Ligand code: SF4
């Protein structure tokens, strides 16, 4: 794994999902096979495979402190193209420092992660007036998780983290994207842990080879997403949970 400390020029970028996206890292140690952010590699100058390098924006908090003073306040998505709580965050604490700045300045933010390391920052989260924390969970089947997300934390730790956050009255959500085999068991698993659920397919073609090498091509076909998406939507609604299908 190539880890490089870099100085970024800016930290709040425009986002199509929220007003801003904030990425303290370029690259992601979680190395999910379907990762939609792989396209970022061509902007980095890296020759390594996506998942084999991370650039650490060591000046992210300093930049953010300046940018919140001169930019119009808006909701910040943390992060769009990396996991803000990948293992390196334990050492660098860039996400933590950025959260503190957003909270101190009254900015709203949405965290999206696969890691329970977010719980380390609970004291900051509970001080925020407008925060939500989402966990991406694509399946309830740990064997499937291990195939597609080999370096990401186990499903049980993500569910436990959601329980913890939800019990502290922090708004939580689950992003099931891409929908993988075994996702149907998430309906029960997520009950009483989240305020809402999002379903999407994202760019699963990045994982074509993984689907093929494990005999799972059927789960990458349009019909799978179409049928499973509708089934999941109905099942979440039946169990009284807010759910939105984004495709
Ligand atoms: S956690 Fe997100 S950003 Fe990181 S590799 Fe997985 S899909 Fe990509």
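Every read-out reported here was derived from the displayed coordinates using simple, explicitly stated rules and does not represent laboratory data. Note that this is a predicted model, so its numbers are computed, not measured. Using ideal geometry, Cβ is built from the backbone for each residue, glycine included, and neighbour counts are taken over all protein chains shown.
Some notes on this structure:
- Additional length obtainable on full extension of the chain from residue 142 to residue 163, 0.36 nm per residue less Cα span: 5.7 nm
- Stretching residue 226 away from residue 126 to a fully extended chain increases their span by 32.2 nm, per 0.36 nm per residue minus the current alpha-carbon distance.
- Rounded D (µm²/s) - the stretch 120-170, Kirkwood Rh over Cα pairs, Stokes-Einstein at 20 °C, 1.002 mPa s: 175
- The chain: most fluctuating residue of 160, 116, 152 per GNM, C-alpha cutoff 10 Å: 160
- Using every pair of distinct Cα positions in the stretch 174-247, the Kirkwood expression returns a hydrodynamic radius of 12.7 angstrom.
- Fraction of beta bridges assigned by DSSP in the chain that are antiparallel (%, nearest 5): 15
- For the chain: Kirkwood Rh in Å [reciprocal of mean 1/r, alpha carbons]: 18.5
- For the stretch 2-46, the residues whose backbone nitrogen is under 15 Å from a point 7 Å from the Cα of residue 209, taken along Cα to Cβ, are 31-35, 38-39.
- Most fluctuating residue given options 193, 168, 71, as computed from a GNM of the chain linking Cα atoms under 10 Å: 71
- Spatially, the stretch 145-189 and the stretch 107-139 are offset by 13 Å when compared through their Cα centroids.
- GNM top mover of 178, 154, 73 - the chain, alpha-carbon springs below 10 Å: 73
- With Cα atoms, 0 to 90° folded angle of helix 94-104 axis to the chain main axis: 70
- Gyration tensor over the Cα atoms of the stretch 1-129: the corresponding equivalent ellipsoid has semi-axes (square roots of 5 times the eigenvalues, largest first) of 23, 16, 14 Å.
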